[in-house]
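Worksheet: the structure to be examined is printed underneath.
The values are calculated or read from the model by the stated rules, or taken from the named source; none is laboratory data. All of these numbers come straight from a predicted model, not from anything done at the bench. Here the Cβ positions follow ideal geometry from the backbone for every residue, glycine too, while neighbour counts run over all protein chains shown.
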Amino acid sequence: MLTLTNAKIFDGREMRQGRHTLTLDGNRIATLGAKAATGTGDVLDLHGLTVMPGLITCHLHADFYKFTLAQGLAGDPLGKEFPPGVMMAIGVRTCRVLLESGFTGYVGASCSNDVDAQLKIAIAEDIIPGPRIRACGHHIGTTADLNDSPKWWRNFQTPGTDLFVDGPDALRRVVREEIRRGAQTIKFFASAGHGFPGRTIRNMARDEIATIVDTAHNRGARVRAHVADKAMILECIELGVDVIDHGDEVDEECIEAMVKAGTFWVPSLIYPKLLLELGWGDSGGAMQRLYESVRRVLPLAQKAGVRILIGDDYSGVFRDAVKDDPLDHQVGRYGRELAYYGAIDGLSPAEVLSWGTRNAGELLVDAPGKVGIIEPGALADLIVIDGDPIADLSLFARPEQALKAVIRDGAVLIDRLPRADEAATPSLARIAGTTAR
């Protein structure tokens, strides 16, 4: 048993009043209360530091690294930048960056070479430290869609990040194979948009989308769709897609449909924000209008009860164009989203922080209430922060200073807690019986 006492608590919903005592039993939270620590076990006084659920990003490409959209359009597919072993090395590095940024979980949004599923194995076998992962597989698309390069003579024998499949029967087989190889989420491209130039009005026929959703759900997997235009958003929701990625044309009608269906939404606005700042690809001002529209409807979606999530296309895509690129896989980059969304009129810091904790936990694992919240019985995926995250969401962009500890599944992975006397006040890792890395 490990007891953390004299702690402020953000429980995934709100900042609790006063100071509290939190007891961990193995990989679970055993008790939470305002009373001082009593009974057996080790006790660590946090002296007013904040304990909260570990952050979870819900749109992550672990092996994306300094790519540009022009690569795929020119015939060099994503996932083919390097050999498979190097792509996996990028994923291992991303896991480290996530932990050092205070993220104890991620929901994959596609990868090459089964990187997500293999990272899960390496973490479970204690080969590398890493976050809790909901693995995704390839992008699934169709022949000649927006991701399928028109330079057909440069096709590879093995896929990178994208698979191109046509017809319900072939898609059914591919979805089952993705799940066999460890994918817990199936990702497909329903439409163009969100910075992707469109050569097609829709990427998939209705019966193809229905087949993906039904097959995945029958095998216990979820489905997420890159989708931007309103008609396709509504069709995806109607057919049972679990996660809407981007949703540039989400409006009040889409919000109503998402609430009724329980659909998750990842707006991922940092990417178009940077495109606009650089003046890239905004033909006729359409991207600017869509960007402003999403900012306008986010508070409406929050009030209506849409399960909004944080996450974006981190990759270093702007590394050579923007100083201190906020979409690079570097420590502190992921946390910048929280302050960005928190500055939108009509959204409170606690609401935005719940996007990366409670809401995200409902997608990360299939058992609601097990991750992303602090309550008895929940998994012990926790971080310790020096400061009040509700008063200052920018803390998460400065984890080198603010992040004091990371606990994932009850194991201490990072321990930076101050100790005046090591002998009198042993380290968190030591009393938890684990080794911080």
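General remarks:
- When each of ALA135, ALA144 is tested for being in contact with a Ser or Thr (Cβ under 9 Å, 6 or more places away or on another chain), assigned by TED's automatic domain parsing to the domain that holds MET204, in contact (Cβ under 8 Å) with a residue 12 or more places away in the chain and surrounded by fewer than 24 Cβ atoms within 10 Å (Cβ to Cβ), the lone residue that passes is ALA144.
- In segment 262-273, the residues that are over 15 Å from VAL352 (Cα atoms) reach residues that are aliphatic (A, V, I, L, M) and in a strand (DSSP E or B) with C-beta atoms within less than 9 angstrom, at least six apart or across chains, in these pairs: THR263/VAL243; THR263/ILE244.
- Matching residues, segment 163-191, being of a type in the set (A, V, I, L, M) and part of a loop (DSSP other than H, G, I, E, B): VAL165, ALA183, ALA190
- Test: residue in segment 417-437 that is assigned to a loop (DSSP other than H, G, I, E, B), at pLDDT 95 or above and at positive phi: no
- Some residue of segment 104-122 being surrounded by fewer than 18 Cβ atoms within 10 Å (Cβ to Cβ) and part of a loop (DSSP other than H, G, I, E, B): no
- Residue list for segment 396-408, filter: crowded, with 19+ Cβ neighbours inside 10 Å, over 16 Å from ALA7 (Cβ atoms) and not small (Gly, Ala, Ser): PHE396, PRO399, ARG408
- Residues located in segment 293-313, provided they are under 15 Å from the mean Cα position of the chain (by Cα), aliphatic (A, V, I, L, M) and not in a loop (DSSP other than H, G, I, E, B): ILE308
- In segment 367-377 there is at least one residue that is surrounded by fewer than 21 Cβ atoms within 10 Å (Cβ to Cβ), assigned to a loop (DSSP other than H, G, I, E, B), within 18 Å of the chain's Cα centre (by Cα) and not small (Gly, Ala, Ser).
- Filter pass, LEU395 being in contact with a Leu (Cβ under 7 Å, 6 or more places away or on another chain) and either part of a helix (DSSP H, G or I) or closer than 15 Å to LEU99 by Cα (or both): no
- Residue match in segment 196-204 (condition: among the hydrophobic types (A, V, I, L, M, F, W, C), part of a loop (DSSP other than H, G, I, E, B) and in the same structural domain as LEU278 (by TED's automatic domain parsing)): yes
- Residue within segment 192-203 that is under 23 Å from THR263 (Cβ atoms), in contact (Cβ under 8 Å) with a residue 40 or more places away in the chain and touching a Pro at 6+ places or on another chain (Cβ under 8 Å) present: yes
- Subset of segment 1-21 that is within 15 Å of GLY372 (Cα to Cα) and either in a loop (DSSP other than H, G, I, E, B) or of a type in the set (Gly, Ala, Ser) (or both) - its residue that is farthest from the chain's Cα centre (by Cα): GLU14
- Top-ranked residue in segment 316-366 [being assigned to a loop (DSSP other than H, G, I, E, B) and among the small types (Gly, Ala, Ser); ranked as surrounded by the most Cβ atoms within 10 Å (Cβ to Cβ)]: GLY356
- Those residues of segment 22-42 which are more than 29 Å from the chain's Cα centre (by Cα) and either modelled with pLDDT of 95 or more or assigned to a loop (DSSP other than H, G, I, E, B) (or both), in sequence order: ALA34, LYS35, ALA36, ALA37, THR38, GLY39, THR40, GLY41
- Residues being of a type in the set (S, T, N, Q) and modelled with pLDDT under 95 - total across segment 287-329: 2
- Check on SER348, more than 27 Å from ALA30 (Cβ to Cβ) and either under 20 Å from the mean Cα position of the chain (by Cα) or not hydrophobic (A, V, I, L, M, F, W, C) (or both): yes
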